[in-house]
1. Within the stretch 46-59, how many residues are under 24 Å from residue 30 (Cβ atoms) and touching a helix residue (DSSP H, G or I) at 6+ places or on another chain (Cβ under 7 Å)?
2. Somewhere in the stretch 31-45, is a residue at pLDDT 95 or above, farther than 12 Å from residue 19 by Cβ and loosely packed, with under 11 Cβ neighbours inside 10 Å?
3. If residue 144 meets every condition in (1) modelled with pLDDT of 95 or more; (2) more than 27 Å from the chain's Cα centre (by Cα) apart from one, which number is that one?
4. Report whether or not residue 110 is touching a strand residue (DSSP E or B) at 6+ places or on another chain (Cβ under 9 Å), over 30 Å from residue 29 (Cα atoms) and either at pLDDT 95 or above or surrounded by 12 or more Cβ atoms within 10 Å (Cβ to Cβ) (or both).
5. Could you look through the stretch 62-103, keep only residues that are more than 13 Å from residue 19 (Cβ to Cβ) and touching a helix residue (DSSP H, G or I) at 6+ places or on another chain (Cβ under 7 Å), and pick out the one that is surrounded by the most Cβ atoms within 10 Å (Cβ to Cβ)?
């Protein structure tokens with residue numbers, strides 16, 4: 001578990017709310033302002049880990065609002081009438097049906113996971129194993145170190 005903690009592992013449920021909408025050219029600015037207006041209050045709400053609004057670089061009209069919450073209860077407490085009206089208003093301005101998701105994430109891992117798969121990390125692990133074996137008097141010719 002210590003290794004997992006150092007690698008940035010998180011084992012509690014996390015809620016991720018996302019709203020993906022297509023902004024027609026004539027209302028893109030209005031949609032950005034509308035969705036942007038809920039970012040500040042959301043970010044300071046108890047349990048909010050982050051709230052961000054993205055524009056897709058390949059599909060410029062596509063906007064994505066993403067909120068991360070410590071728990072389902074904290075997320076649900078934040079969806080009041082004002083916020084709900086704002087989200088519905090944004091959806092009404094969109095050019096296509098929205099994609100709305102509420103995901104429960106049971107396990108979250110950080111950048112440490114990427115390091116485990118990096119070739120330099122595998123070489124380092126192999127050298128550490130070889131060093132331990134040699135320090136214990138093992139012959140590497142009779143105890144080959146497996147590939148990591």
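The values are calculated or read from the model by the stated rules, or taken from the named source; none is laboratory data. Values in this document were obtained by computation on a predicted structure and should not be read as measured data. Quick reminder, even Gly has a Cβ in these numbers, built from the backbone with ideal geometry, and neighbours come from all protein chains shown.
1. So the count comes out to 2.
2. Looking for residues that are at pLDDT 95 or above, farther than 12 Å from residue 19 by Cβ and loosely packed, with under 11 Cβ neighbours inside 10 Å, one finds at least one in the stretch 31-45, hence yes.
3. (1)
4. Numbers: touching a strand residue (DSSP E or B) at 6+ places or on another chain (Cβ under 9 Å): yes; over 30 Å from residue 29 (Cα atoms): yes; either at pLDDT 95 or above or surrounded by 12 or more Cβ atoms within 10 Å (Cβ to Cβ) (or both): yes.
When the stated conditions are applied, residue 110 passes them.
5. For the stretch 62-103, the residue satisfying everything is 69.
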